Each structure stands twice: as C-alpha cells, then as structure tokens.
Amino acid sequence: LCSFLGLLYQEYRDKSTREEIETRRLQDSQTDPEETSPSEETPSEAEPTSTIENKAPPQINLLRNSNSRFNLWQDLPEVQNSGVLSILQPDEIKLQEAMFELVTSEASYYKSLNLLVSHFMENERLKKILHQSEAHILFSNVLDVMAVSERFLLDLEQRVEENIVISDVCDIVYQHTVNHFSVYITYVSNQTYQERTYKQLLQDKPAFREVISQLELDPKCKGLSFSSFLILPFQRITRLKLLVQNILKKVEEKSDRESTALDAHKELETVVKACNEGVRKMSRTEQMISIQKKLEFKIKSVPIISHSRWLLKQGELQQMNGPKTSRTLRTKKLFREIYLFLFNDLLVICRQIPGDKYQVFDSAPRGLLRVEELEDQGQSLANVFILRLLENADDREASYMLKASSQSEMKRWMISLAPNRRTKFVSFTSRLVDCPQIQCVHPYVAQQPDELSLELADVLNILDKTDDGWIFGERLHDQERGWFPSSMGEEILNPKIRAQNLKECFRVHKSDDSQRRKLGSRNRQ
C-alpha cells in the first residue's frame, strides 16, 4: 500500500507548499490575476458536463499500482484515455486536483507513519534501550493514529476507484473526523512530554543517541530526522484542514459539495483547536507554577495560578523617574528597570531582586489598562509610551512612563497590553476591502508568547509593522495573530490577488460569521 508514492510525507508536504508559493508569486506578478496560469490551462469547454454520466469510465487502481508516479489527477493514464478532460469545465478539473491531492497526501503520510513504526518504534535494539514508560511517552498512541490513517485512506481509495471523476471526498473526511480523529488530540497533547523525553534520552543515554543516528542514516529515511517523523500527526491534521479549505474554495457555491466541505472543515477546525489547546494547557500550567515561585509581593498578594490564566508577555522595560526638573535629572537616574508579567487577565509590575526573584509593587486587571504613544519627543524619549492603570492594587488610577529597547518592542508591548487598540491596518474581521498581505516563504518558530509560528505558504494580513523589521499579522486560514520577522515573508503586491485571498477566506469561514458577530471583540481578549 502507498508504494506508488516515491515521497515520504515530509518531502511531499514541502514540495506541495513550495509549489503553492511559486503559483502565488506567478499570480502576483501578473497584471491580471484573472488570466489562467499555464499549469491550469485545460482543453475545450464546448461540451456540457452532463455527458460524463453517459460514459462508463474505467476503474483505476491508484493506490495499488506500484509503477505509478503521478502527482496530478489529469496525468493519470486512465483519466487521459477516458476523454473526460475534453468534457469537464476548467473549474471542475481544478476541483478534481484538489480532491486528488487530499488522497495522495494521505497515502504519503501513511507511508511515513508506517516507517516511524516499523523502522524506529519496532527496532529491537531501541526496544532494549528504552524503558517501557519512556517508549510510551516517545511514541504515545501512534499505532492508533496509524490505524485511523489506514482506515481513512482505504475509504478514500475506494471512492477514487469508483469513478475516474471523483464525486466528493469531504463526506469521508467528515465521517472520519467525527468518529475517529480524536486519536490526534491524544497524540498531540503529549507533544510537550514527548519533546522533553526525547531531549533527555539524547542527553542521558549514549546508546539511544547512537541507535537513533544509525537509523536516521538508513536510505529509507531519505536524510530526514527521527523528530520529523514524531511531529507528523500534528502537521497532518493541520494540513488536512487546509486541503479541505482548498476544496471549499473550488466547489460551486450553495451546492451539496459546498455544504459537505463546510461541515468537514468545521469538524477539523474543532479537532485542530483541541490539539492546540492540549499542547498549550500543559506548558502553560508548568509556566504558571514557575512564575508563582519567583514572585514576592510588596503589596497585597494576588493568587497567580488559575486554570483560566496564562502568560502573554514578560520582560524588562525602563520606567521614567520623578518630575522632569533639571535637579532631578542631575541627581537621579532618568530611568530605572522594572519587570512586567502580562497574563491574559492580569498585569503584574515588579522589580527584579537577587536570586532570580521579582518583587511585585503594583498590579491591575488587563481590561483596565490603557496605553498611549509619545511621539516626536527627542532621542531620550524614543520608544517611550504611557501605561495607565485605571484601577491599580490600591484601587486608584496610576500612570507609568515606560521606555522600550526598540520600536518593535514598544509596539509589541502596546498591542499586548491593550489588544483592542487600533492597529495601523484594520483586521480581517472588519471586512476591509484591501489590506497589506504577506505570504510566508521561510518557516518560523515563535520564540515569545506574543509571536506567531509560521508555516510555508501561510498568507497573513499585515496589521502593523515596525521600522526595525517586525510585522504584526493575522493569518487568514485561522485568524491567529502574532509578531514575526518581516524577512520570513514576501508582500503580496497585486490588489486583485489580495482581494481574492480575502474573498476565499470569507467563504471558508462563512459558517462562523454569526458566531463571530456574537463574540465581537471578546475573542481578542
């Protein structure tokens, strides 16, 4: 099974996203994005599509044909020989390709999972080195994930073999997501333990390190690391949602296939959110315990640990001292260091004290914070902003004049402290007709809680940018927001392509519209 695919999933995914980037670059450089790109040219549209049903298309044994190396549906000999390419409308051919990619990518993914199990997990030398509990944390429920992928792939394969023109795949996606994909939540939620155990084993067990290195050198792995196999399920469930989005953009509006695709997308989104939440929950709890241990309260103590609280940003800023008189400037330091811990519902203001501890001298609910930028105040006041606490620890209003180390750091603090404050450009949810956009051409892993990890080919609206190379963006496919270096992407310059990206995004999320209107700005808190 799957031997028809020469590529492991990591290679398939990389190739697919890079093609997506190149297609978008090509469209962006065209004066008229309505023009069909060379890869999308299709034969005559003269004959009506209804004549397809009069033909008796030959069955295809796609996933069992070991000699097959086709990436495109229209390149299959059975498709080319059947004559359907001269009958189908160009839009239907694009839809067939989108559905076919979902099937072939699942086959590639299953092949990689199979290698993770047979080559690594079941290796006799590795079994002897690992304690049962270590093996369990490292491989988690990967056997369940593989069984679910196999069952899913068999159903997809059966659908493809029923008819050369694929009727639909999103109904199958929907059924499997609802009934079987909860195994992904279990696997992904274990990710933090998994990463820590892997690092610990590499450090503590030379024999483990040696066996893993030898297994990675096997030609079967094609130069890919063991950790790239471990992360496959999380990458796949996220990618599957994007593949369904791609189908959704191509189905006819108000059709049964659109309805099925919307249902499948909604269920996948629920699973992806649960996966993300599972990962965050564990790392957040540990982080909160660690912070609580470091805080000493000069004011009335505030309980830090709460199941609904997490850290958004922490760091050092300079606080401006005293009244601005010449005597003060001569005799006192103009700025002194303070340290902020900003949680989703609370701000804690501290001074760092010896022993990696922080003395808390003020706090306020996050909803009672206001920020204001100081502009054109000269070099000594560059990157300075005012933070107002409408009600602080003493139940009174307080103001702090704070200086950041750079323009980007200032903007990042201001946006984190007051999330409903207007950004330079308006967000996706405002239904703005045009907004600067960027596509990711280098993957990025977030280093801070206010940053956004990026995958290749992600498209984002630019909400704000700084002169020192940072962008605050909102990703179109899931509306996640955060900062990232501008060098990770290329701006999309063609306004028609930007409009098309937004239109497709609104369509994908139209089932969420009523919910979004109810939530309003609360989901940005």
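For the structure I just gave you, tell me whether Ser149 is open to solvent by less than 30 Å² (accessible area, probe 1.4 Å), at pLDDT 95 or above, assigned by the TED database to the domain that holds Asp256 and small (Gly, Ala, Ser). It is true that Ser149 is open to solvent by less than 30 Å² (accessible area, probe 1.4 Å), at pLDDT 95 or above, assigned by the TED database to the domain that holds Asp256 and small (Gly, Ala, Ser). Would you call Gln500 surrounded by fewer than 20 Cβ atoms within 10 Å (Cβ to Cβ) and closer than 20 Å to Asn420 by Cβ? So Gln500 fails the test.
Among the residues of the range 446-475, those that are in a loop (DSSP other than H, G, I, E, B) and either within 23 Å of Glu19 (Cβ to Cβ) or in contact with a helix residue (DSSP H, G or I) (Cβ under 9 Å, 6 or more places away or on another chain) (or both) comprise Gln448, Pro449, Asp450, Ser453, Glu455, Leu456, Ala457, Asp458, Thr466, Asp467, Asp468, Gly469.
Within the range 471-490, the set of residues being open to solvent by 50 Å² or more (accessible area, probe 1.4 Å) and either on the phi > 0 side of the Ramachandran plot or at pLDDT 95 or above (or both) comprises Ser487, Glu490. Do we have Ala207 as in contact (Cβ under 8 Å) with a residue 40 or more places away in the chain, open to solvent by less than 40 Å² (accessible area, probe 1.4 Å) and either within 30 Å of Gln89 (Cα to Cα) or assigned by the TED database to the domain that holds Tyr109 (or both) here? Answer is no for this residue. Any idea how many residues of the range 217-247 are open to solvent by 50 Å² or more (accessible area, probe 1.4 Å) and over 20 Å from Ala107 (Cβ atoms)? Residues in the range 217-247 being open to solvent by 50 Å² or more (accessible area, probe 1.4 Å) and over 20 Å from Ala107 (Cβ atoms): 4 in total. Scanning the range 107-122 for residues that are open to solvent by 10 Å² or more (accessible area, probe 1.4 Å) and either closer than 13 Å to Phe226 by Cα or part of a helix (DSSP H, G or I) (or both) turns up Tyr110, Lys111, Asn114, Leu115, Ser118, His119, Met121. You will find that of Ile415, Ile438, the residue that is at pLDDT 95 or above, of a type in the set (Val, Ile, Thr) and out of contact with any Pro (no Cβ under 7 Å at 6 or more places or on another chain) is Ile438 and no other. The residue that is farthest from Ile289 (Cα to Cα), counting only those in the range 320-350 that are over 32 Å from the mean Cα position of the chain (by Cα) and at pLDDT 95 or above, is Ile338. Residue count for the range 202-260 under the criterion of being in a helix (DSSP H, G or I) and of a type in the set (Asp, Glu): the result is 5.
Matching residues to (1) at pLDDT below 95; (2) in the same structural domain as Ile247 (by the TED database); (3) in contact with a Ser or Thr (Cβ under 9 Å, 6 or more places away or on another chain):
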| residue | (1), (2), (3) |
| --- | --- |
| Asn54 | yes, no, no |
| Gln59 | yes, no, no |
| Leu62 | yes, no, yes |
| Asp75 | yes, yes, no |
| Ser82 | yes, yes, no |
| Ile87 | yes, yes, yes |
| Thr104 | yes, yes, no |
| Ser108 | yes, yes, no |
| Val142 | no, yes, no |
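If the condition is being of a type in the set (Phe, Trp, Tyr) and in a loop (DSSP other than H, G, I, E, B), then the range 156-192 contributes only Phe181. Only residues that are part of a helix (DSSP H, G or I) and either open to solvent by less than 30 Å² (accessible area, probe 1.4 Å) or in contact (Cβ under 8 Å) with a residue 40 or more places away in the chain (or both): list them for the range 123-134, please. Those that are part of a helix (DSSP H, G or I) and either open to solvent by less than 30 Å² (accessible area, probe 1.4 Å) or in contact (Cβ under 8 Å) with a residue 40 or more places away in the chain (or both): Arg125, Leu126, Ile129, Glu134.
The values are calculated or read from the model by the stated rules, or taken from the named source; none is laboratory data. Because the structure is a prediction, the values reported are computed rather than measured. With ideal geometry, Cβ positions are generated from the backbone for all residues, glycine too; neighbour counts draw on all protein chains shown. Each accessible area value is taken on the protein alone, full model and side chains, heavy atoms only, with ligands, DNA and RNA left out. Shrake-Rupley method; radii C 1.70, N 1.55, O 1.52, S 1.80 Å.
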